[in-house]
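The values are calculated or read from the model by the stated rules, or taken from the named source; none is laboratory data. Given the structure is predicted, the values throughout are model-derived calculations rather than measurements. Here the Cβ is made from the backbone with ideal geometry for all residues, glycine too, and neighbour counts use every protein chain on show.
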Amino acid sequence: MNVTDVINPANGAVFTTVPSLGLEETDAAIERARTAFGEWRRVAPGDRARLLRRFAAVVEDHLEELALLEVRNAGHTIGNARWEAGNVRDVLNYYAGAPERLSGRQIPVPGGLDVTFHEPLGVVGIIVPWNFPMPIAGWGFVPALAAGNTVVLKPAELTPLTAIRLAELALEAGLPENVFQVLPGKGSVVGQRFVTHPAVRKVCFTGSTTVGKSIMAGCADQVKRVTLELGGKSANIVFADADLSAAAAAAPGAVFDNAGQDCCARSRLLVEASVFDRFLALFQENVAKFRTSDPTSEESDMGPLISAGQRATVAGYVGGADVAFQGTAPSGDGFWFPPTVLLARSADDPHWREEIFGPVVSVLPFRDEAEAIRLANDTEYGLSGSIWTRDVGRALRVSRSVETGALSVNSNSSVRYWTPFGGMKQSGLGRELGPDALLSFTDVKNVFISMGE
Ligand code: NAP
Ligand code: MG
């Protein structure tokens, strides 16, 4: 069997290998998932709920182990990695409430009874990127399982370890064999097979917009359901009337968290011209305090980038640009890059327009509310964003005008497991998390029962 090296991005060293599955092994796993579906969908709602709650408890028992695995494999800070493992636990507990509440309707009709059922789809294929291996896996496999589907999940080649461990923990919690399988391997082999295999009835993909489009096109062939979470180039809009200290204190985390490898990163900073210099001075003080260091340290705010390739891509955007200021980063082994603030010359600069997926933010001044909205929407993406203002009316007007799926006012947080998350425009299709995501793992069946007269 082929194997893939797993690298610690903080020092660049290979520390283990994992199998890389081929087509035959992928097909065999999908067949097992298809067989397991027949039984899993018939598990009584209360029993399915209990199994998911037990799975959550087992994740809780292994929280530190999972977190440390992610620090080593993805270079996430220990604080973030603990949150990520806790997020899997929380999502399991949240959707454990779903099986007993997955009610259909009874619709009045003449001559009989009309009822609807939310039927599970079958086997669901989930393709996960390397930037948030645990949460993004959980946002897919948990509601899929809760709705009665079985799951095959392909982790990113760079970061397979926590997903593999979660599948082991599922068995430990008592989930039946083959209900949740993790299949490490290449996107072009394992991931592509989810698209072409007729037994896989839905694909959830998170990753680049380019690959997402090819997945969507491929799924059309079998009218396969698809959820896409793609790239972003989100705006952080700071109005002159905002609490500038609070906005400046929050701005580094809004883009440099997870070393900027976050589809929600507020990587375009729009500042009202009248406070531009004052805000930038405050921002600089906060960037200087943002600690890029060994991710195992409790004090670390940011670790390394995921790979040498990612670092080269990021550096390519910074070379030749107007650097306003930079933070610091360790030198030596590992894929380190300092937090970097660039001044955009115009909205045509590549670093203003393209998703960099690194610790780089582009800054541009704006004159008034209308220009801020125009600049914020001048992108094919529409995932997240922030608005900083003390004017409630303005907060509402701008919130309704910015074309993105997950906005925050006087805050940079976009992810809560009980609220919907996803993108507008080319940032995605469908929504994850929250009360509605469950139904996207089902199809509605309408049944009419005649009274026989
Ligand atoms: P990617 O190529 O889109 O990979 C994401 C996932 O899709 C990985 O599991 C990958 O497998 C798999 N994949 C790749 N090609 C596939 C195919 N033809 N069919 C099915 N699955 C396939 O993303 P990337 O190369 O890791 O990152 C490139 C850029 O995408 C980043 O720099 C960033 O701009 C963006 N990105 C966005 C997000 C997000 O959260 N929206 C996440 C990650 C990346 P392999 O591991 O084998 O490649
Ligand atoms: Mg790729």
When residues of the range 196-213 are limited to those that are farther than 26 Å from Cys264 by Cα and in contact with a Gly (Cβ under 6 Å, 6 or more places away or on another chain), the one nearest to ligand 1 (Cβ to nearest atom): Val200
Criterion violated by Thr196 - all others in (1) in contact (Cβ under 8 Å) with a residue 40 or more places away in the chain; (2) surrounded by fewer than 20 Cβ atoms within 10 Å (Cβ to Cβ); (3) more than 18 Å from Ala36 (Cβ to Cβ); (4) away from ligand 2 (no atom under 16 Å from the Cβ) satisfied: (1)
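Based on this model, can you work out whether Lys289 counts as surrounded by fewer than 17 Cβ atoms within 10 Å (Cβ to Cβ) and among the charged types (D, E, K, R)? It would help to see each step written out before you state the result.
Working: surrounded by fewer than 17 Cβ atoms within 10 Å (Cβ to Cβ): yes; among the charged types (D, E, K, R): yes.
Spelling it out, Lys289 is indeed surrounded by fewer than 17 Cβ atoms within 10 Å (Cβ to Cβ) and among the charged types (D, E, K, R).
Taking the range 108-150 as the search range and keeping residues that are without any contact (Cβ under 8 Å) to a residue 60 or more places away in the chain and closer than 26 Å to Gly191 by Cβ, which one is surrounded by the most Cβ atoms within 10 Å (Cβ to Cβ)? First the steps, then the outcome.
The initial filter retains those residues of the range 108-150 that are without any contact (Cβ under 8 Å) to a residue 60 or more places away in the chain, namely 108, 110, 137-138, 141.
Still in the list and also closer than 26 Å to Gly191 by Cβ: 137-138, 141.
Details: Ala137: 28, Gly138: 28, Phe141: 32.
Checked the range 108-150; the qualifying residue surrounded by the most Cβ atoms within 10 Å (Cβ to Cβ) is Phe141.
Out of the residues in the range 301-338 meeting the condition of being of a type in the set (Gly, Ala, Ser) and farther than 27 Å from Ala81 by Cβ, tell me which one is modelled with the lowest pLDDT.
Taking the candidates together, the pick is Gly320.
Conditions (1) among the hydroxyl-bearing types (Ser, Thr, Tyr); (2) touching a residue at least 12 places away in the same chain (Cβ under 8 Å); (3) surrounded by fewer than 21 Cβ atoms within 10 Å (Cβ to Cβ); (4) in contact with a strand residue (DSSP E or B) (Cβ under 8 Å, 6 or more places away or on another chain), marked per residue:
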{"residue": "Phe357", "(1), (2), (3), (4)": "no, yes, no, no"}
{"residue": "Leu383", "(1), (2), (3), (4)": "no, yes, no, yes"}
{"residue": "Ile387", "(1), (2), (3), (4)": "no, yes, no, yes"}
{"residue": "Val392", "(1), (2), (3), (4)": "no, no, yes, no"}
{"residue": "Arg400", "(1), (2), (3), (4)": "no, no, yes, no"}
{"residue": "Glu403", "(1), (2), (3), (4)": "no, yes, yes, no"}
{"residue": "Ala406", "(1), (2), (3), (4)": "no, yes, no, yes"}
{"residue": "Val409", "(1), (2), (3), (4)": "no, yes, yes, yes"}
Residues satisfying the stated conditions in the range 67-101, i.e. more than 20 Å from the chain's Cα centre (by Cα) and buried (at least 20 other Cβ atoms within 10 Å of the Cβ): Ala96, Ala98, Pro99
Of all residues making up the range 328-339, the number that are free of Cβ contacts under 8 Å to residues at least 60 places away in the same chain and under 15 Å from Asn258 (Cα atoms): 3
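Each row is one residue, and each column tells you yes or no for (1) over 25 Å from the mean Cα position of the chain (by Cα); (2) away from ligand 1 (no atom under 16 Å from the Cβ); (3) exposed (fewer than 15 other Cβ atoms within 10 Å of the Cβ).
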{"residue": "Glu299", "(1), (2), (3)": "no, yes, yes"}
{"residue": "Met302", "(1), (2), (3)": "no, yes, no"}
{"residue": "Ser307", "(1), (2), (3)": "no, no, no"}
{"residue": "Val360", "(1), (2), (3)": "no, no, no"}
